[in-house]
1. Sort through Leu437, Leu416 and tell me the only one that's at pLDDT 80 or above and crowded, with 17+ Cβ neighbours inside 10 Å.
2. Output the residue which, of all residues in segment 109-125 that are under 14 Å from Asn25 (Cα atoms) and touching a residue at least 40 places away in the same chain (Cβ under 8 Å), is surrounded by the most Cβ atoms within 10 Å (Cβ to Cβ).
3. Look at Phe233 and say whether it is in contact with an Asp or Glu (Cβ under 8 Å, 6 or more places away or on another chain), of a type outside the set (Asp, Glu) and buried (at least 21 other Cβ atoms within 10 Å of the Cβ).
4. Can you pull out every residue in segment 1-24 that is crowded, with 18+ Cβ neighbours inside 10 Å and at pLDDT 90 or above?
5. Keeping to segment 197-229, report how many residues are within 27 Å of the chain's Cα centre (by Cα) and of a type in the set (S, T, N, Q).
6. If you go through segment 30-67 one residue at a time, how many are modelled with pLDDT under 90 and within 18 Å of Glu103 (Cα to Cα)?
7. Can you name every one of the strands (runs of 3 or more DSSP E) wholly within segment 206-280 that holds 2 or more residues which are under 22 Å from Ala163 (Cβ atoms)?
8. Restricting the first residue to segment 93-108 and requiring it to be closer than 24 Å to Asp17 by Cα, which pairs with a second residue that is at pLDDT below 80 and in a loop (DSSP other than H, G, I, E, B) meet a Cβ separation below 6 Å and a spacing of at least six or different chains?
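The values are calculated or read from the model by the stated rules, or taken from the named source; none is laboratory data. The shown structure was predicted, so the numbers you read here are calculated from the model rather than taken from an experiment. FYI the Cβ positions are ideal-geometry reconstructions off the backbone, even for glycines, and counts take in every protein chain you see.
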Amino acid sequence: MTAKIKASVLIVDDAPDTLEILQRNLSSQGYWVFTASNVTEAIQLMENQPVDLVITDFKMPKISGADLIRHVRANFRDTEIMMITGYASVEGAVQAVKDGAEEYLAKPFTDEELFEAVERILDKLYTRRKAQKETDQVPPLLEGMIGQSPKMLEVYNAISKAATTSATVLITGESGTGKELVARAIHYNSNRASASFVPINCGSIPEGLLESELFGHVKGAFTGATESRAGFFQTAEGGTIFLDEISETSLAMQVKLLRVLQDKEVSMVGTSRSRRIDVRILAATNKDLTHLVKEGLVREDLFFRLSVLTIVVPPLRERTDDILLLARYFIDKFANELGKKPPHFSDKALQRLKSYNWPGNIRELENLIHRMVIMIDEDIIDVPDLPSIMRFTASGERDLTRSLVEVEAEYIRQVLATVNGNKSRAAEILKIDRKTLRKKLDYLSQLD
């Protein structure tokens, strides 16, 4: 049965002999088997490793198998459960099923009974997944978005719902996660798709020019305004405007944006006359706006207006199942651009990629793949070809004799390398401002 090869099974039992026997038997059938000797260990494993089936003993010290069943049911909807016990009773079986166990197997049981029970459970799981997949397909117009992990399927579902309304959407997530792609997907799946999608990076436009850029200006409004010019809001008429890095706007500009959201009107710089607009507003940030509201850096009323709908784009480290898909996409893309045969990752290199923390997220992965496709001539990309920080992080090898300054210096340089030396992007990833980054780089240059 091909499903066996793909299935991951977690066995939870406080008896080492039972763990060993069940692991050996199920591994012989092609399953990917994990073990845990208590419920706490099992929960920790499941937080970091997707599991298709949990097989748990009923009677265990401190936290019982029944408690584990309830925890799995409450937190892991796509995981099945089977309880095994030497204290079999009708009441126990009924309670296990009520708590969420799909099967209840009394000890002692034969290997055949175990294999048949596991197959029954997994067949039900795959049938349910197939049915869900048919009703939860990725929308057809999500070009450029890659991923089939559970968290990305949630994002696709949110995009589909957001596209059917005209409500304002706040898209949150770390730098490099693809927030603009989400905004484009919403626009091009909406009834505004035939009109313009206008992306604006609020953090890259000087504060003194932002109002003019957004709302336009009339001739003579300020020195250098030799003619009237429409702003981005007028350009986006009938379509969508995407305000990226919305948290970088000043409180004065936030008041003006709030008026646009409330009244659907803009006033060009240099005139008091208002002009009605028909523009949908999408906004994005890599910062915690609720925290900025408390600090007085973001207006609370603007925050509520922007976040009618909120879509959280997960960081790459929380969707490791998508790393291989993304890596293959970027390899094919850059190899095609360079006219080269696409290389392949070794299994060990893939494990390093999956265990790395990815502070720069998809943008960092894309830059890494681009660099390796250019530099590597072999057909296989192996562990030695990866940056040193990935090799050490993945293998668990750490030099604990290094000073904090040395560790920080290595990390800053690594982040800069992943963003091709872009100090603004590096500062975003490091969660510091450019001035602080510049001081750190000046200090590091003195150490070199």
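1. On the way: Leu416 fails: at pLDDT 80 or above.
Exactly one of Leu437, Leu416 is at pLDDT 80 or above and crowded, with 17+ Cβ neighbours inside 10 Å, namely Leu437.
2. If we filter segment 109-125 for residues that are under 14 Å from Asn25 (Cα atoms), which is where we start, we get 109-119.
Still in the running and touching a residue at least 40 places away in the same chain (Cβ under 8 Å): 111, 114-115, 118-119.
On the way: Asp111: 13, Leu114: 20, Phe115: 17, Val118: 24, Glu119: 15.
Restricting to residues being under 14 Å from Asn25 (Cα atoms) and touching a residue at least 40 places away in the same chain (Cβ under 8 Å), the top hit is Val118.
3. Working: in contact with an Asp or Glu (Cβ under 8 Å, 6 or more places away or on another chain): no; of a type outside the set (Asp, Glu): yes; buried (at least 21 other Cβ atoms within 10 Å of the Cβ): yes.
So Phe233 does not fit the description; no.
4. Val9, Leu10, Ile11, Val12, Asp13, Leu19, Leu22
5. Pass one, segment 197-229, residues within 27 Å of the chain's Cα centre (by Cα): 197-204.
Then drop every residue that is not of a type in the set (S, T, N, Q), which leaves 201, 204.
Adding up the residues that qualify gives 2.
6. Result for segment 30-67: 7.
7. Values: elements: 240-244, 265-267, 274-276.
In segment 206-280, the matching strands (runs of 3 or more DSSP E) lie at 240-244.
8. Listed pairs, sorted by first residue: Ala106/Ala88; Lys107/Gly86.
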